[in-house]
Amino acid sequence: MDATATTYLPYALLAMGAYALVSPLMRVATTGPNAIPSDVAVVVSNTLLVAMAVGVIVYTEQGFTTHLASPKLAHVLAAGVFLGIGILALYRSLSLGPVSVVTPIFAMFLVFSSVIGFLFLGESFTARKGLGIVFAAAAVYLVSGA
């Protein structure tokens, strides 16, 4: 493991652990008696997300408005559009289908993101990484029952 992995790996593991609970919680919240509509669930959960992010920005003194003039803001806005589409679709699919099928299909974004990293961002591709992508895709196929 390279030295930079020690800086991002804890965050990646925390994200994995936290995200593992999102789908089951949203499935429970958006189905059955007193179900919350999936679009309402998006607004409520993401309002909390925004509040938490603002808290981190304030706590870490990153500033906010200084970054609004960045030439990379267009990338952030585009990512926000795709994130919005993805979250709306994920929450809707969780309100309609089982977590054990929806979540693995949703998780294929990891495979596609990895391929984009290799093809367009100049990230290194190895046989091991390629095999991992193949196994990930096969796992999604097997778990989702597609």
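Read-outs throughout are calculated quantities, based only on the coordinates presented, and are distinct from any laboratory measurement. Bear in mind the structure is a predicted one, so any value in this text is a computation, not a measurement. Heads up, the Cβs are rebuilt from the backbone with ideal geometry, glycines too, and the neighbour counts pull from every protein chain shown.
Across the stretch 47-58, rounded Karplus estimates of 3J(HN,Hα) from the backbone phi angles (6.51 cos²θ - 1.76 cosθ + 1.60, θ = phi - 60°) give 5, 5, 4, 4, 4, 5, 5, 4, x, 5, 4, 5 Hz, Gly and Pro being marked x. Indicate the gyration tensor shape class of the stretch 1-80 (rounded, prolate or oblate), computed on the Cα atoms with a ≥ b ≥ c the square roots of the eigenvalues: a/c under 1.5 is rounded; otherwise a/b larger than b/c is prolate and the rest oblate. In terms of gyration-tensor shape, oblate. Among the chymotrypsin sites (Phe, Trp or Tyr not before Pro) in the stretch 35-133, those located in a DSSP loop and surrounded by at most 10 other Cβ atoms within 10 Å of their own Cβ are F64. Relative to its Kirkwood radius, the Cα radius of gyration of the stretch 56-146 gives an Rg/Rh of 1.09. With contacts taken as Cα pairs under 8 Å at a separation of at least 6 residues, the chain carries a relative contact order of 27 percent.
Each label point is 7 Å from the Cα along the Cα-to-Cβ direction; what then is the distance between the points at Y59 and A79, in nm? Distance between label points: 2.0 nm. Note on L25 and F118: the model spin-label points, each 7 Å out from Cα along the C-beta direction, lie 3.4 nm apart.
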